[in-house]
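Q: Let me begin by handing over the structure; questions about it come next.
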Amino acid sequence: MRRLIVIKGKKDRDMKTEIKKLRPVELWILLILRAAGGEVCCKTKIMKILFLLERVYGIIGVRFEPYNYGPWSKDVEDALRRLVELGLVEERELPKPQDGPEHTGLMYLYRLTEKGRKVVEKIPLKDPKWRLPYSDVEFFVEWDVRDLMEYIYVNYPEYAVKSVIKDKFS
């Protein structure tokens, strides 16, 4: 029995070490996936939720710039790639939808792996540093990507200037 307790303690320490190695943007991506039940369809939705968190709370630590579908960040792209490489998130290409001209590129599904679930469970959501922003994440994951984009285009029009679909929201 003692050996099992020692092994469990080591695993908890390993997870805490894993969390300390992750940047805030990576932790928030994991939390977005958790709030969405473990998976999110499309990078655009993750990008827009992170943008809103950064604008409201300044906690992500990445810069966004206007792009084809509103705010975009190379740092978020890199963070998603790193989470996949670390085995915390699985990325799967989805067939391009037939309807909706707003989807001109590839679409991906992002899903927490078992390892990712274990890491995200260790983030202390009772801590006020995480709790309030996470409640907003829970709110925004319920929105579809089109509603997120419209909200951003109306409230942050400077990020819609390069959008290829901004006319759809006027």
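The values are calculated or read from the model by the stated rules, or taken from the named source; none is laboratory data. None of these values were measured; they are calculated from a predicted model. For accessibility, only protein heavy atoms count, side chains too; no ligands or nucleic acids. Shrake-Rupley method; radii C 1.70, N 1.55, O 1.52, S 1.80 Å.
Q: How large is log10 of I(q)/I(0) for the range 35-170 at q = 0.14, 0.17 Å⁻¹ when the intensity is taken from the Debye formula with one equal scatterer per alpha-carbon?
A: Listed by q, the Debye log ratios stand at -0.67, -1.01.
Q: Given the pairs LYS115/LYS162; LYS129/LYS168; LYS74/LYS168; LYS115/LYS168; LYS21/LYS166, which span a C-alpha to C-alpha distance of over 30 angstrom in this model? Each step should come with its number before you reach the end.
A: Details: LYS115/LYS162 38 Å; LYS129/LYS168 36 Å; LYS74/LYS168 25 Å; LYS115/LYS168 40 Å; LYS21/LYS166 38 Å.
Among LYS115/LYS162; LYS129/LYS168; LYS74/LYS168; LYS115/LYS168; LYS21/LYS166, the Cα-Cα distance tops 30 Å for LYS115/LYS162; LYS129/LYS168; LYS115/LYS168; LYS21/LYS166.
Q: What accessible area per residue, rounded to a whole number of Å², is obtained for the range 28-122 using a probe radius of 1.4 Å? Spell out each step's value before the answer.
A: Details: 4580 Å² over 95 residues.
With the other protein chains kept in place, the range 28-122 gives 48 Å² per residue.
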